[in-house]
Every structure is written in structure tokens, then in C-alpha cells.
Amino acid sequence: MRTCRATSVTHPNRTSAGRYPNVNTPLPCDLTIRPVRADEADQHIELTQLVDLHLSAEDLPDLITAIRASLRHEGGPLSHGLHHYLFAESPDGTPVASIHCGPPLWVLRNPAIFPHMQRKLVKRVSCIDTLAVHPDYRGRGIATTLLRRVEADFRNAGFVALTLRHEHAKRHFFTRRGYTSVASLAMILPPVGLVTQTNPGWRHAVKPLTDDVSFTTVQGLPAATGFLPA
Ligand SMILES: CC(C)(COP(=O)(O)OP(=O)(O)OC[C@H]1O[C@@H](n2cnc3c(N)ncnc32)[C@H](O)[C@@H]1OP(=O)(O)O)[C@@H](O)C(=O)NCCC(=O)NCCS
């Protein structure tokens, strides 16, 4: 991977002394990573559509509306509340890659997870929803750098783990970057105990951000512990 300087990440509306730390990650030459602004929803959506989200055409307008709505709320602890939208942009200001993380759907939609658990979980575990690099810029380490960036930002914001859904073909991409890829997401969540989430056609991956999160074996399957305090 060809790399050059490290670039600090500053929100367009913030000073370099603001909320976002300089993680000192080597970036592919001349690219800058920065938060997406509310008026850049179209560019973010265009990059997002490079990801096969397994959505039907009818579901797309709702997704676009949700993206536009959450981009209107800039401010901490991440770029947009509990959502984190970042671009990697070229020197002429063109976004060439994007990543979005937000509250995991498995937290919000799994009936085994009660509301009081949901409120805690969305502040401790986030989900990488989309990661996309423009085809002309692939193979230069940009996705890897964006992953490292969001991992550092969420760790600094007090989160203990990131999760994501991925296609089978991306298994090695994520495992080589420290993610544990599993067919079914199994978690020990006190006070309920074992909670599982399976999505046909997808695998799940988990990246612990702190020593609070580890894996144990339950009923022969790897299960994550530490998403919630015991
Ligand atoms: C997958 C993707 C994000 C990689 O971006 P990138 O900037 O080229 O990635 P990096 O240069 O950091 O890393 C290159 C690695 O990605 C792997 N990779 C690239 N495209 C891949 C694909 N379609 N399937 C599986 N692995 C792929 C390469 O084999 C390489 O692996 P290695 O370094 O472990 O040997 C990019 O190809 C993309 O945007 N694809 C479309 C959207 C998508 O699938 N997003 C991921 C799931 S949300």
C-alpha cells in the first residue's frame, strides 16, 4: 500500500482543537478523511449505492430519506449524534470513499432486547452500515484506513465494539482486519443471557474495541460477551 502523510480529521464546522482526534493513521497519498456535511447527502448516497445492500428498489427511497434526516443532525459524540458519516476526499475535494456507522438494527429490532437494554447498547456498540470506495480508487488501502479511523473514533467515544453484516465474499477482508466473522451473531446480554441474530444471506462480524469484549463458546458457537456490563 502506498502511503504518505497522516492527516488530522477536522469537521468542516469545527476547529482542529475540536471533538475529533488526530488518530495519526497513514492515509493513501493526498487523501483527507472528514465528516460528511448535511449538504453532501447526494454524494454520500451515490457512494453508498456501490454497496449491495440486498434492498429492493421500493426500499431505496426510505433509506435515502433516513440518510438525509440523520445528516441534518451534526454534533457529538460522533459526526452526527450516534451516527458517524465520513468521507475520504481527493485533493480537489471530491469524495472518493465513504463509511457510515450507526445504531445496530439487531439492537433496535430484536424482540429479545428490551428497551432499557437498547438504550445502553446504542451507546456501547455501533454498526458499520456501509463502506464504499469508488472503483477508480480501490486497492490503495482506503477502506482499511476508514475502518481504522472509525474504530478509533468509536473507542474514543466510549464504545466497546463494532458489528456489521457482510457478504460471504468479504469474510477474508474483515478477518484480516481483526474482525471475527460468524454465521450467526451470538451475544451474552445481561440480564437476558444468550441472544442471537441471524440474517439469511449475510454473515456478521464483530470488532472488539476494548478489553471489555471477548468471545466465549456457548452451545458450540462463538458468543460475544461484554457488550453490556455484567
Ligand atoms: C470492498 C471495498 C470497500 C474495498 O475497498 P479498498 O479501498 O479497495 O480496500 P483496501 O485497499 O483497504 O483493501 C484491499 C482488500 O480488499 C479486498 N477486496 C476488494 N474488493 C473485494 C471484493 N469485492 N470482495 C472481497 N474482497 C475484496 C482485496 O482482496 C484486499 O484484500 P487484502 O488486503 O486482505 O488482501 C471496495 O472494493 C468497495 O467499495 N466495494 C463495493 C462496496 C462493498 O462491497 N463494501 C463492503 C461491504 S459494506
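The values are calculated or read from the model by the stated rules, or taken from the named source; none is laboratory data. The structure displayed is predicted, hence computed values, not measured ones. We place every Cβ from the backbone using ideal geometry, glycine too, and count neighbours over all the protein chains shown.
Structure data summary
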item	result
Candidates ARG155, ARG138, ARG148 - the one that is among the charged types (D, E, K, R) and within 9 Å of the ligand (Cβ to nearest atom)	ARG138
Count of residues meeting criterion [at negative phi and surrounded by fewer than 19 Cβ atoms within 10 Å (Cβ to Cβ)] in the stretch 111-139	15
Failed condition for ARG37, given (1) at pLDDT below 65; (2) in contact with a Leu (Cβ under 8 Å, 6 or more places away or on another chain)	(1)
Strands (runs of 3 or more DSSP E) contained entirely in the stretch 30-128, each with at least 2 residues that are in contact with a helix residue (DSSP H, G or I) (Cβ under 7 Å, 6 or more places away or on another chain) and within 19 Å of LEU209 (Cα to Cα)	84-89, 95-102
Residues satisfying the stated conditions in the stretch 176-203, i.e. under 20 Å from the mean Cα position of the chain (by Cα) and in contact (Cβ under 8 Å) with a residue 60 or more places away in the chain	LEU185, GLN197, GLY201, TRP202
Checking LEU164 against (1) surrounded by 22 or more Cβ atoms within 10 Å (Cβ to Cβ); (2) more than 9 Å from the ligand (Cβ to nearest atom); (3) more than 15 Å from ILE33 (Cα to Cα), the condition it does not meet	(2)
Residues located in the stretch 197-214, provided they are crowded, with 16+ Cβ neighbours inside 10 Å and part of a strand (DSSP E or B)	GLN197, ARG203, HIS204, ALA205, VAL206, LYS207, PRO208
Any chance THR217 is more than 27 Å from SER98 (Cβ to Cβ), without any contact (Cβ under 8 Å) to a residue 12 or more places away in the chain and in a strand (DSSP E or B)	yes
Residue check, HIS172 without any contact (Cβ under 8 Å) to a residue 12 or more places away in the chain and either within 16 Å of the ligand (Cβ to nearest atom) or among the β-branched types (Val, Ile, Thr) (or both)	yes
Residue count, the stretch 115-135 (criterion: within 16 Å of the ligand (Cβ to nearest atom) and aliphatic (A, V, I, L, M))	4
